[in-house]
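The next block holds one structure in the form of structure tokens; read it before the comments.
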Ligand code: ZN
């Protein structure tokens, strides 16, 4: 059942160990591995450090070779190579003997989660630190330690990638996801992993109706930089936007609506959730936390919504080492994959139709009226008649499905039947 889910999970696992941040080789390596999975070109852009983008500047590039805390006998107590979450993101280089008192100012742990290593960054303030579990903290009690962070923080660039699958229309369905977290699974390696498999799904279809753009950026600064470069194009072409994040666990579903709750993306997502009978927690834009912040800023105004499993900030493991490969699962991914492929299918098949026969057409003479009536055929005729009744050239198939309170996917083949019988015709696309 979870065939695709297993593949997405395995791919996510293969990316898990890479040390990612908002800049650096981990991002490039991740993009390189995504490129290997897909046929489409993953277009990589580098934006130089210090470039001004709206109110922000691109930070220096950060890369890490090694980082550890060792006792004076050379035993590594905390080791970045064992878990990259140990190192505070954007830590400056350090190599010195340090007293326990001073070291404690640079240690971070969570008192009520003894096994968890917190994920902490300091992108815009020069600092260094180690994130450890409470259990590890108990063993750090000698007077002096040797701390080494073999990292570079220098002029380089910020890297992002994007894939465009061109359709018949230049209007785009945009999926944006971020690639800046180190070994953390649900938030957010699950996002780029699912995105990769949605690209593969679209590659299997022949030329789609819409174009599909997948954006892989570091969160926040990446969205700012991306918009700075692509705002006009994005404004002109975006039909619908989704942030892909937190799509790998199997605990629940969550839906974060767009700013004004009324975009076509909201409409489609809501329909899929409701008609798949999925129970979900509803969040508004007031609960936002990802790149919809930038995409929907005043003056930018591109609506984005998110269908997630457990939402960032809402699960205990969030931003800790416990958001790992055990927290996500093939089943979790499968749920998200099924949901997002249904969303894509709706964009592809949500046309507007117009009836071609004045007054109610006679279905019997066209072979559309069943000779034997069963519950199934009665229902089908009812749906056919309702489809005809609402196909006035104004209501889209999705709107009709909502009026009829049936899943739009149950109307796809009925619509085809009516088109074949020349009772309705497509008036758009
Ligand atoms: Zn995060």
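Tabulated data
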{"read-out": "Unique match (being touching a residue at least 60 places away in the same chain (Cβ under 8 Å), more than 30 Å from residue 299 (Cα to Cα) and not assigned by TED's automatic domain parsing to the domain that holds residue 338) among 81, 65", "value": "65"}
{"read-out": "Among the residues listed as 248, 241, the single one being within 16 Å of the ligand (Cβ to nearest atom) and crowded, with 17+ Cβ neighbours inside 10 Å", "value": "248"}
{"read-out": "Options 356, 251; residue that is assigned by TED's automatic domain parsing to the domain that holds residue 405 and more than 30 Å from residue 228 (Cβ to Cβ)", "value": "356"}
{"read-out": "Of all residues making up the stretch 276-308, the number that are within 16 Å of the ligand (Cβ to nearest atom), under 24 Å from residue 22 (Cα atoms) and touching a strand residue (DSSP E or B) at 6+ places or on another chain (Cβ under 7 Å)", "value": "7"}
{"read-out": "Filter result (more than 21 Å from residue 345 (Cβ to Cβ) and touching a helix residue (DSSP H, G or I) at 6+ places or on another chain (Cβ under 7 Å)) within the stretch 387-424", "value": "388, 421, 423"}
{"read-out": "Among the candidates 149, 132, residue that is buried (at least 19 other Cβ atoms within 10 Å of the Cβ), without any contact (Cβ under 8 Å) to a residue 60 or more places away in the chain, on the phi < 0 side of the Ramachandran plot and not assigned by TED's automatic domain parsing to the domain that holds residue 205", "value": "132"}
{"read-out": "Test for residue 50: is it in contact (Cβ under 8 Å) with a residue 60 or more places away in the chain and not assigned by TED's automatic domain parsing to the domain that holds residue 140", "value": "yes"}
{"read-out": "Verdict on residue 205 being away from the ligand (no atom under 12 Å from the Cβ), modelled with pLDDT under 95 and touching a helix residue (DSSP H, G or I) at 6+ places or on another chain (Cβ under 9 Å)", "value": "yes"}
{"read-out": "Residue 117 being touching a helix residue (DSSP H, G or I) at 6+ places or on another chain (Cβ under 6 Å) and assigned by TED's automatic domain parsing to the domain that holds residue 218", "value": "no"}
{"read-out": "Qualifying residue in the stretch 335-343 (condition: at pLDDT 95 or above and out of contact with any helix residue (DSSP H, G or I) (no Cβ under 7 Å at 6 or more places or on another chain))", "value": "yes"}
{"read-out": "Every pair of residues 6+ apart whose Cβ atoms lie under 6 Å, when the first sits in the stretch 409-429 and is without any contact (Cβ under 8 Å) to a residue 40 or more places away in the chain while the second is in a strand (DSSP E or B) and buried (at least 16 other Cβ atoms within 10 Å of the Cβ)", "value": "none"}
{"read-out": "Tally of residues being at pLDDT 95 or above and either buried (at least 24 other Cβ atoms within 10 Å of the Cβ) or within 11 Å of the ligand (Cβ to nearest atom) (or both) across the stretch 164-197", "value": "21"}
{"read-out": "Members of the stretch 323-354 found to be part of a loop (DSSP other than H, G, I, E, B) and farther than 18 Å from residue 9 by Cα, listed by number", "value": "350, 351"}
{"read-out": "Scope the stretch 280-297; condition farther than 22 Å from residue 239 by Cα and without any contact (Cβ under 8 Å) to a residue 24 or more places away in the chain; matching residues", "value": "286"}
{"read-out": "Complete set of residues in the stretch 355-384 that are touching a residue at least 24 places away in the same chain (Cβ under 8 Å) and in a helix (DSSP H, G or I)", "value": "366, 380, 383, 384"}
{"read-out": "Breaking point among (1) surrounded by fewer than 14 Cβ atoms within 10 Å (Cβ to Cβ); (2) within 30 Å of the chain's Cα centre (by Cα), for residue 104", "value": "(2)"}
{"read-out": "Filter result (more than 20 Å from residue 244 (Cα to Cα) and in contact with a helix residue (DSSP H, G or I) (Cβ under 9 Å, 6 or more places away or on another chain)) within the stretch 138-168", "value": "140, 141, 142, 143, 144, 145, 147, 158, 167"}
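Yes/no per residue for (1) more than 22 Å from residue 185 (Cβ to Cβ); (2) more than 21 Å from the chain's Cα centre (by Cα); (3) buried (at least 18 other Cβ atoms within 10 Å of the Cβ):
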residue	(1), (2), (3)
8	no, no, yes
11	no, no, yes
14	no, no, no
23	no, no, yes
30	no, no, yes
54	yes, yes, no
63	yes, yes, no
66	yes, yes, no
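Condition check ((1) within 16 Å of the ligand (Cβ to nearest atom); (2) under 30 Å from residue 215 (Cβ atoms)) across all residues:
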{"site": "107", "(1), (2)": "no, no"}
{"site": "116", "(1), (2)": "yes, no"}
{"site": "148", "(1), (2)": "no, no"}
{"site": "151", "(1), (2)": "no, yes"}
{"site": "154", "(1), (2)": "no, yes"}
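The values are calculated or read from the model by the stated rules, or taken from the named source; none is laboratory data. These numbers come from a predicted model, not from an experiment. Counting neighbours? That spans all protein chains shown, and the Cβs are built from the backbone with ideal geometry, glycine included.
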